[in-house]
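**Student:** Mind having a look at this structure? Questions to follow.
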Amino acid sequence: MMTRPLQAFLAFLALASFTLSADDFCWVNKTFRWNGVGTVCTEVFPLFGDDFRINYAAARNGALKITLVDAADKKPKPSKVVVSSKQLQSADRKGFSGLEKAYLVIEGDSRGWSVSVDQYLDSVQEWRLKTYQEERGAAQVKKLGVWAEQGAQQFQFTPQEKPWRVTVHNEGEEEGTVRVTVRAVDQRLLFQSSVKTASNVATGWIHTTAPVTITLECGADVPWLVEADTF
């Protein structure tokens, strides 16, 4: 028969074991990451824990501004500038408490940048993240539009779904810069980037179904391909 002190000790051990298990958190690095030039919006990404941080690097001390946008379906929280090259802040940036999904507006220049999101997760949350990544990797892409031409062009596009992704390819065999700009009807800049060779791809997400104007700037003999799609 157990004595009360022994019962209390065993109960303490059980509680301590549960506490250690429940608090088994660690930083999962680069759960999402992006590289590019210019102004790009990311896809909506889920946040499986309460804490996360945004890491960033601007090539050759280039300009960089990162805005965190709550992508909640109802009553989203105000957008928050988390990085500004005019007043650089720590890379260990924690987000809003209770933020479940978000996207980033990354505003850089032609020198390029890299951005990633780390999440502070327990084992169950990390498993949910990996499951999401596997499902997203297997998701089918739905084409919304394809345009192929050469030389400078401008056209309008009205997407049927949001968010949607724009991807730009240089289809030429020789190097030639293709600069692409996507603007809203009110001239608000939604996407701006460039590609120089066939091995480069510029891509970003647009979070509106309103009509947009897509402008291509390049030499008259430079062929390009623009794709609009979603998952």
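**Student:** Using θ = phi - 60° and the Karplus curve 6.51 cos²θ - 1.76 cosθ + 1.60, what whole-Hz ³J(HN,Hα) does each residue of region 27-42 get, with Gly and Pro shown as x?
**Tutor:** Couplings: 7, 9, 7, 6, 5, 9, 8, 9, 10, x, 9, x, 9, 9, 9, 7 Hz.
**Student:** Here's another thing I want to ask about it. Considering only protein heavy atoms and a 1.4 Å probe, what is the carbon-and-sulfur percentage of the accessible area of region 141-215?
**Tutor:** Numbers: 1760 of 4120 Å².
Roughly 43 percent of what the probe reaches on region 141-215 is carbon or sulfur.
**Student:** Determine the relative contact order of region 56-200: mean sequence separation of Cα pairs under 8 Å and six or more apart, normalised by residue count, in whole percent.
**Tutor:** Relative contact order of region 56-200: 18 percent.
**Student:** With a probe of 1.4 Å, find how much accessible area the chain has per residue, and write the answer as a whole number in Å². Working shown, then result.
**Tutor:** Values: 13520 Å² over 231 residues.
It amounts to 59 Å² per residue over the chain.
**Student:** In addition: Using percent of Cα pairs over 21 Å apart as the read-out, say which of (1) 55; (2) 63; (3) 68 was calculated from these coordinates.
**Tutor:** (2)
The values are calculated or read from the model by the stated rules, or taken from the named source; none is laboratory data. Small disclaimer: the values here were computed from a predicted structure and weren't measured. Just so you know, the surface numbers come from the protein's heavy atoms only, side chains and all, with ligands and any DNA or RNA stripped out. Shrake-Rupley method; radii C 1.70, N 1.55, O 1.52, S 1.80 Å.
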